[in-house]
Amino acid sequence: LKIMDTPSLLQKAGLPSLPILMTANHLKKITSTSGHGLDIETVKKLPQYITEPVMIADSLTRDDSIVIITEAIDSENRPVIAAVMLNGTGTIDGQYIDANIMTSAYGKDNFQSFLNRIADSDSVIYWNKKRAKRCQ
């Protein structure tokens, strides 16, 4: 599924100018109560949240991915983050295309610890102070 084209801010942060895709199975997982449990309204707004991120950071677990911290909050009042793999391959209408792949989106547990690890590892690519204040 095509989520969106990579926004200019993410391109300035180093992402290639490619569509952002997600598998249909992962869409089911992020909206499932037994999965990540994001509500449909939050999922519909993911393109807006990704276009206007609070923070962009290198993934702490994957060399080929970045993490986008959004202003969205899940049903348990946790900040929603999205993980995007750069320079992947996906299919649309049976055609393989180069794409950035959203591999996950969920409310992040232990958020302050997560932020500390990002800061300690010097992984921050972009940080919007105004949006960050609204998330506190």
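Scanning region 1-52 for residues that are open to solvent by less than 40 Å² (accessible area, probe 1.4 Å), part of a loop (DSSP other than H, G, I, E, B) and either touching a residue at least 24 places away in the same chain (Cβ under 8 Å) or closer than 18 Å to ILE101 by Cβ (or both) yields THR6, PRO7, ALA13, LEU15, PRO16, LEU18, MET22, GLY35, GLY37, LEU38.
If you go through region 116-130 and pick out every residue that is out of contact with any strand residue (DSSP E or B) (no Cβ under 8 Å at 6 or more places or on another chain) and among the hydrophobic types (A, V, I, L, M, F, W, C), you end up with 1.
Among the residues of region 53-81, those that are in a loop (DSSP other than H, G, I, E, B) and either surrounded by fewer than 23 Cβ atoms within 10 Å (Cβ to Cβ) or more than 10 Å from the chain's Cα centre (by Cα) (or both) comprise VAL54, SER59, LEU60, THR61, ARG62, ASP63, ASP64, ASP74, SER75, GLU76, ASN77, ARG78. Would you be able to say whether some residue in region 42-64 is of a type in the set (Lys, Arg), out of contact with any helix residue (DSSP H, G or I) (no Cβ under 8 Å at 6 or more places or on another chain) and within 18 Å of PHE114 (Cβ to Cβ)? Yes, some residue in region 42-64 is of a type in the set (Lys, Arg), out of contact with any helix residue (DSSP H, G or I) (no Cβ under 8 Å at 6 or more places or on another chain) and within 18 Å of PHE114 (Cβ to Cβ). For region 84-119, taking the residues that are of a type in the set (Gly, Ala, Ser) and under 12 Å from the mean Cα position of the chain (by Cα), the one that is surrounded by the fewest Cβ atoms within 10 Å (Cβ to Cβ) is identified as SER104.
The values are calculated or read from the model by the stated rules, or taken from the named source; none is laboratory data. Just so we're clear, the structure is a prediction, and the values are computed from it rather than from any experiment. Ideal geometry is used to build each Cβ from the backbone, glycine not excepted, and the neighbour counts take in all protein chains shown. For the accessible areas, the whole protein counts, side chains as well, though only heavy atoms, and no ligand, DNA or RNA atoms are used. Shrake-Rupley method; radii C 1.70, N 1.55, O 1.52, S 1.80 Å.
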